[in-house]
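Just so it is clear, none of the values below were taken in a lab; they were calculated from the coordinates. What you see is a predicted model, and the numbers here were worked out from it, not measured in a lab. Here the Cβ positions follow ideal geometry from the backbone for every residue, glycine too, while neighbour counts run over all protein chains shown.
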Amino acid sequence: MSKIDVHHHIYAPRMVEALEAAGGDPSGWFVPPAWTVEADQAICTKLGVKTCILSATAPGPSIVADPAGAAKLARDLNIYSAQVRDADPSAYGFFASVPSLLDTERCLAEIAYALDELHADGVVLMTRYGSGNAYLGSSSFAPVWEELDRRGAVVLVHPTHTAAGGQVNAHAMQPLFDYPHETTRAAMDLIMSGFKRKYARCRVVLSHAGGTLPYLIHRLTILVHTPWANGRTEDELVEDAQSFYFDLALSSNPVQLPALLKFAKPGHILFGSDFPNAPKPFIEKMTKFLDDFEIDQDTRDEIYFGAARRLFPRLAV
């Protein structure tokens, strides 16, 4: 077992309670069965995973509308994750959850607590916050990015439900196709706002192979020929897009994997499973495709553990 899984979710009891109180996941997706270390380790063995960097999935603490309640939930999630990590630091790490980025002071306080006191491996942010389209490049989020940049933090960007809500039909929940588009929206917002270049000490990991960003970035350079270019050149837009890291959660297939290998910078692709939020047979299918895919051993090692060990140096020992 050698893989480091950077997209692996944990369901603390308080998170399950909060989802139930809110009437379920706003995206329409199912809430997995009760999370246990035993069940988690069983899938890790099956996939060849040595270490998981755990994270609370969407919508995170923002499922609680009351700001103080959301901050309390973030604290509970982080303490729970730290306890799981402390029981076996070689098997687990975690991305800290934070309250809504619209709640700047509480968000900054939780970042400090999680990184300084709990020694979290990084921070997970949702693609947007609030009832409107406040994506991660919003100017109101600058104090949070400044602090994360000062710390050189690793940030996992995870998609959440759309501001519009709803789904196409009863068989097409948002995570199936809206989530990748939400990741692309957030990534382009970070690029066009200048945040990705300004806060370059942050190592930002995009979920699910970057959504549709690798496939659309050259189309998006149309912007340089419009009044909305914001002073950016075509080369800068592509460079900023390639400066992200990309996890392979639910993305190891004949179309996405070759395209991402061609697009991403060397050492910027990481293994991810998305357990337990995707059905186990699908996760196993994606992982087998990656395991069987013809790539050189150095590239395989980078994806499985090399890139992650550089992001999380404690795992390199």
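Descriptive notes on the structure:
- The relative contact order of the stretch 262-314, computed from alpha carbon pairs under 8 Å that lie at least 6 residues apart in sequence, is 57 percent.
- Across all directions, the shadow cast by the convex hull of the chain built on its C-alpha atoms averages 15.4 square nanometres.
- Less than 5 angstrom separates the built amide H of Tyr92 from those of Cys52, all sequence-distant by 5 or more or on a different chain.
- Label-point separation, Lys198 to Asp292 (7 Å along Cα→Cβ), nm: 4.8 nm
- Relative contact order computed over the stretch 66-157 (Cα-Cα under 8 Å; 6+ residues apart), in percent: 28 percent
- Long-range amide H partners of Val205 with built H, under 5 Å: Val155, Leu156, Val157, Tyr245
- Pairwise label distance in nanometres, Ser140 with His171, each label 7 Å out on the Cα-Cβ vector: 3.9 nm
- Cα-based equivalent ellipsoid of the stretch 20-97: semi-axis lengths in Å, sorted from largest, via gyration tensor: 25, 16, 9
- Two-site FRET efficiency, Thr233 against Arg150, from Cβ-Cβ distance with R₀ of 35 Å, rounded to 0.05: 0.80
- Cα-derived Rg over Rh, computed across the stretch 129-191 with Rh taken as Kirkwood radius: 1.04
- Set of aspartates and glutamates near Lys265 by C-alpha distance (under 17 Å), chain-local residues within fewer than 8 positions excluded: Asp235, Glu236, Glu239, Asp240, Asp247, Asp296, Asp298, Asp301, Glu302
- Residue pairs exceeding 22 angstrom between C-alpha atoms, taken from Lys72/Lys280; Lys46/Lys285; Lys50/Lys72; Lys3/Lys46; Lys50/Lys288: Lys72/Lys280; Lys50/Lys72.
- Efficiency of FRET from Cβ geometry, Gln242 and Arg314, R₀ 22 Å, rounded to 0.05: 0.25
- As a length-normalised measure over Cα pairs under 8 Å and 6 or more apart, the relative contact order of the chain settles at 19 percent.
- Here the label points at Lys285 and Val224, each 7 Å from Cα along the C-beta direction, are separated by 3.9 nm in the simple model.
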